[in-house]
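Chemist: Supplied in structure tokens, the structure appears directly below.
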Amino acid sequence: MNILLLSMPDSFEHMPTIGIRMPNGALSSLAGNIDPHHRVAVADLILAQREVRATVEQLVREWQPDLVGLSVMTFQRGTALRIIQLVRALRPGVRCAVGGYDPSLAPEAYTDPAGGVDFIVRGEGELTFCALVRALERGHGLEDVAGLSWRAGDGFLHNANRPVHGLEDGAVRLPNRDARVLQGYTFLGRPVDVVETSRGCTFDCSFCSIIEMRGRNFHTYAFDRVLTDIRDAREHGARVIFLVDDNITLNVPRFEALCRAIINAGLDHLHYLVQAMTSAIANHGATLAPLMRRAGFRYVFLGIENILDDDLQFLRARAKNTLRTNGRTDNATITAIEHLHRNGMYVVGGLIVGNPDDTRESIEANLTFAYRWVDYPYIQHPTPYPGTPMTKEFRDRGLIINERLEEYDGTTAVVRSEHLEAEEIEFLRWQAERWIKVRHMRAVLRYSPGFVLRNWRTMLGHTFRGGSFWTSLLRLEDERRVFGRYRAIREAERAYLR
Ligand code: B12
Ligand code: SF4
């Protein structure tokens, strides 16, 4: 069978494609887990963001797919459905499957017969997709494929859920990177790849989709497998590895052992990026942070979420931001950042502003904090993704003001607070964080001089689109007018499939 797997081209504000284009880890993992006699191609459309139509046309012509699979986040839903229409027009007999967070958490959005979706893979995909492909190939019924929803006539049947898979038994095989057919993955000019060492998390932050997706659990791959995967990524050209685990810092002794394993395996010449909890770094940073640095970690995404206690309570993120000292508990953020900085790592600061009770002052307190402490801002607005507890609260309080899902990209404020309009919240964030990004360019210059010398104009242009660095610096133009133009540009950018 010919199978074409696609990830969506839609990107968001903090990942300008000039500097960051990551492979989608799900697709290469799916490709590695179907039977090897199938012909499979993986195409990350982020690599062809401005030529989506031409790229899809060419891929369909070249691969003549019998089955197309799309990986979809909520803000990418519209693009995914448009791509399915295009694929169907090009190849009428093709069958289309969708998977990932959005189809798993909002399957009803994909069941309209006009949408063109034949199969929805809910939750973890490797075993379900493999079983689906086998059943299609052999002409078997689909009733027994756990985790699958499928079109039957004009309706959709939803099979039982597939239990979350323990990764320890080796049933999920390594990703197949040879299946990738587009080139150009980059992290600030260095080739990048993604590797998983674990899945799941036992916390229950109210904004996070993961709990609804897979429940509260944590499963790990054996280190041998992880190191083989890293070597494979390196052999495919990667010099930077993003460990995409949901929460690798859930088990700190294991994470420390992983750092040692990376060093002992001689894989510490690569650079690593990772997401971490502030409490884990703050409470264990004295030993963990030096080890991370020795293993090659350079950028750490810290889930700070908010520096104010009331907001942390709303986000249910207090426990993971707690520092314990002599029986006292404090906010862990500054201690965590200090450990990372002392060991030469950059902090990507994940903050969420615009929560229901936020005022101008509470948002400004977070932005000022980010300016003081964070190297690169990853400041977002709370976004009501399907199935999260936070979504229910925003809906119950009547605070959702925008239902256009393509704008649910994290940096468009689609909810207001009790005290501020959504647009004002977004303006405050936009206005503040451009300067943190500009400041970080010096560090990027040290990290990747050639890349910055080639691209600094485009990078600056992206950060200040709608206006310009100089007019903003010298305050030559009304910031609100520039913000209006920025929003118009952003809106136009979202038409990925022209
Ligand atoms: C790593 C990661 C990223 C990386 C992405 C790297 C990459 N290119 O893949 C970065 C940092 C770039 C990123 C950015 C964003 N992310 Co992100 N990210 C994650 C994270 C931590 C892990 C995803 C991952 O790779 N897992 C490993 C793979 C193997 O698992 P998987 O993706 O779940 O795929 C499995 C199944 O879903 C399924 N599957 C997936 N696709 C398909 C397709 C088919 C055909 C089939 C059959 C099955 C299938 O099978 C896979 C294997 O089991 C998750 C979850 C979390 N804890 O926060 C969030 C998450 C996916 N991100 C999310 C979001 C919203 C974003 C952003 C918009 C920013 C933001 N607001 O947080 C941006 C947008 C990215 C962009 N395109 O510009 C949301 C999605 C919510 C939703 N309902 O859509 C999540 C769930 C976090 C959350 N907020 O709850 N992200
Ligand atoms: S700690 Fe991270 S992965 Fe776990 S529930 Fe919270 S945001 Fe999600």
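The values are calculated or read from the model by the stated rules, or taken from the named source; none is laboratory data. Predicted model only: the values in this text are computed from it and were never measured. Virtual Cβ from ideal backbone geometry, glycine too; neighbours counted across all protein chains shown. Note: areas computed on protein heavy atoms with side chains; ligands, DNA, RNA excluded. Shrake-Rupley method; radii C 1.70, N 1.55, O 1.52, S 1.80 Å.
Chemist: For GLY484, state whether it is away from ligand 1 (no atom under 16 Å from the Cβ) and over 27 Å from TYR272 (Cβ atoms). I'd like the intermediate steps shown before the answer.
Modeler: Numbers: away from ligand 1 (no atom under 16 Å from the Cβ): yes; over 27 Å from TYR272 (Cβ atoms): yes.
Considered against the rule, which asks whether it is away from ligand 1 (no atom under 16 Å from the Cβ) and over 27 Å from TYR272 (Cβ atoms), GLY484 comes out as yes.
Chemist: I need the full set of residues from segment 238-265 which are open to solvent by 30 Å² or more (accessible area, probe 1.4 Å) and within 23 Å of the chain's Cα centre (by Cα), in order please.
Modeler: The answer is ARG239, PHE242, VAL244, ASP246, LEU250, ASN251.
Chemist: Scan segment 326-363 for residues that are of a type in the set (Gly, Ala, Ser) and on the phi > 0 side of the Ramachandran plot and jot them down.
Modeler: Across segment 326-363, the qualifying residues are GLY327, GLY344, GLY354.
Chemist: Working only within segment 59-79, note down all residues that are away from ligand 2 (no atom under 16 Å from the Cβ), in a helix (DSSP H, G or I) and either within 26 Å of the chain's Cα centre (by Cα) or modelled with pLDDT under 95 (or both). Step through it out loud before you land on a result.
Modeler: Kept after step one, since they are away from ligand 2 (no atom under 16 Å from the Cβ), are these residues of segment 59-79: 59-72, 75-79.
Among the residues that remain, those that are also in a helix (DSSP H, G or I) are: 59-63, 75-79.
Correct list: LEU59, PHE75, GLN76, ARG77, GLY78, THR79.
Chemist: Can you tell me which of (1) more than 11 Å from ligand 1 (Cβ to nearest atom); (2) assigned to a strand (DSSP E or B); (3) out of contact with any Asp or Glu (no Cβ under 7 Å at 6 or more places or on another chain) is the one ILE241 doesn't meet?
Modeler: (3)
Chemist: Also, I was wondering about something else. Select the helices (runs of 4 or more DSSP H) contained entirely in segment 255-347, then report the ones holding at least 2 residues which are among the small types (Gly, Ala, Ser). I'd like the intermediate steps shown before the answer.
Modeler: Numbers: elements: 278-295, 309-314, 333-342.
Counting at least 2 such residues, we get 278-295.
Chemist: Residues of segment 187-235 being more than 13 Å from PRO175 (Cα to Cα), touching a strand residue (DSSP E or B) at 6+ places or on another chain (Cβ under 6 Å) and among the aliphatic types (A, V, I, L, M), which ones?
Modeler: VAL192, ILE210
Chemist: Can you give me the number of residues within segment 460-489 that are over 24 Å from the mean Cα position of the chain (by Cα) and hydroxyl-bearing (Ser, Thr, Tyr)?
Modeler: Qualifying residue count for the region: 3.
Chemist: Scanning for something in a helix (DSSP H, G or I) and among the β-branched types (Val, Ile, Thr), does segment 395-407 turn up at least one residue? Step through it out loud before you land on a result.
Modeler: Residues of segment 395-407 in a helix (DSSP H, G or I): 395-396, 405-407.
Going one step further and asking which of them are among the β-branched types (Val, Ile, Thr), we end up with none.
For segment 395-407, residues in a helix (DSSP H, G or I) and among the β-branched types (Val, Ile, Thr): absent.
Chemist: When segment 81-100 is examined, which residues are found to be out of contact with any helix residue (DSSP H, G or I) (no Cβ under 6 Å at 6 or more places or on another chain), open to solvent by 70 Å² or more (accessible area, probe 1.4 Å) and not small (Gly, Ala, Ser)?
Modeler: Passing the criteria: ARG82, GLN85, PRO92, ARG95.
Chemist: Out of the residues in segment 101-117 meeting the condition of being outside any helix (DSSP H, G or I) and open to solvent by 20 Å² or more (accessible area, probe 1.4 Å), tell me which one is nearest to PHE207 (Cα to Cα).
Modeler: First pass over segment 101-117, keeping only residues outside any helix (DSSP H, G or I): 106, 111-112, 116-117.
Then keep just the ones that are open to solvent by 20 Å² or more (accessible area, probe 1.4 Å); that gives 111-112.
Numbers: THR111: 26, ASP112: 28 Å.
Ranking the candidates gives THR111 first.
Chemist: Against the conditions (1) buried (at least 22 other Cβ atoms within 10 Å of the Cβ); (2) touching a strand residue (DSSP E or B) at 6+ places or on another chain (Cβ under 7 Å); (3) over 15 Å from GLU256 (Cβ atoms), where does MET277 fall short? Just the number, please.
Modeler: (3)
Chemist: Need pairs with beta-carbon distance below 8 Å; first residue within 11 Å of ligand 1 (Cβ to nearest atom) and of a type in the set (Val, Ile, Thr) and within segment 205-224, second part of a loop (DSSP other than H, G, I, E, B) and at pLDDT below 95; sequence gap 6+ or separate chains.
Modeler: ILE211/ASP204
Chemist: Let me ask something else. Do you know which of the residues in segment 455-478 that are surrounded by 14 or more Cβ atoms within 10 Å (Cβ to Cβ) and in contact with a Phe, Trp or Tyr (Cβ under 8 Å, 6 or more places away or on another chain) is modelled with the lowest pLDDT?
Modeler: My answer is SER472.
Chemist: Counting only residues that are open to solvent by less than 60 Å² (accessible area, probe 1.4 Å) and either touching a helix residue (DSSP H, G or I) at 6+ places or on another chain (Cβ under 9 Å) or at pLDDT below 95 (or both), how many does segment 223-236 have?
Modeler: Residues in segment 223-236 being open to solvent by less than 60 Å² (accessible area, probe 1.4 Å) and either touching a helix residue (DSSP H, G or I) at 6+ places or on another chain (Cβ under 9 Å) or at pLDDT below 95 (or both): 7 in total.
Chemist: Can LEU70 be described as in contact (Cβ under 8 Å) with a residue 40 or more places away in the chain and either among the polar types (S, T, N, Q) or more than 28 Å from GLY170 (Cα to Cα) (or both)?
Modeler: Working: in contact (Cβ under 8 Å) with a residue 40 or more places away in the chain: yes; either among the polar types (S, T, N, Q) or more than 28 Å from GLY170 (Cα to Cα) (or both): no.
Taking the combined requirement at face value, the residue does not satisfy it.
Chemist: Has segment 354-372 got at least one residue that is within 23 Å of the chain's Cα centre (by Cα), under 29 Å from PRO107 (Cβ atoms) and either buried (at least 19 other Cβ atoms within 10 Å of the Cβ) or of a type in the set (A, V, I, L, M, F, W, C) (or both)? Steps first, please.
Modeler: Taking segment 354-372 as the starting set, the residues that turn out to be within 23 Å of the chain's Cα centre (by Cα) are 354-355, 366-367, 370.
Then drop every residue that is not under 29 Å from PRO107 (Cβ atoms), which leaves 354-355.
If we keep only those that are either buried (at least 19 other Cβ atoms within 10 Å of the Cβ) or of a type in the set (A, V, I, L, M, F, W, C) (or both) as well, we get 354-355.
Checked against the condition, which is being within 23 Å of the chain's Cα centre (by Cα), under 29 Å from PRO107 (Cβ atoms) and either buried (at least 19 other Cβ atoms within 10 Å of the Cβ) or of a type in the set (A, V, I, L, M, F, W, C) (or both), segment 354-372 yields at least one hit.
Chemist: Further, regarding this structure: Among what's in segment 118-132 and is more than 7 Å from ligand 1 (Cβ to nearest atom) and within 15 Å of ARG162 (Cβ to Cβ), pick the residue that is surrounded by the fewest Cβ atoms within 10 Å (Cβ to Cβ). It would help to see each step written out before you state the result.
Modeler: Here is the first cut: in segment 118-132, the residues more than 7 Å from ligand 1 (Cβ to nearest atom) are 118-120, 122, 127, 130-132.
After this cut, where a residue has to be within 15 Å of ARG162 (Cβ to Cβ) as well, the list is 119-120, 122, 127, 130-132.
On the way: PHE119: 24, ILE120: 25, ARG122: 22, LEU127: 18, CYS130: 20, ALA131: 20, LEU132: 24.
If we take residues in segment 118-132 being more than 7 Å from ligand 1 (Cβ to nearest atom) and within 15 Å of ARG162 (Cβ to Cβ), then LEU127 is surrounded by the fewest Cβ atoms within 10 Å (Cβ to Cβ).
Chemist: Let me ask something else about it. Only one of these conditions is not met by ASP310: (1) loosely packed, with under 15 Cβ neighbours inside 10 Å; (2) under 17 Å from THR249 (Cβ atoms). Which number is it?
Modeler: Answer for ASP310: the failing condition is (2).
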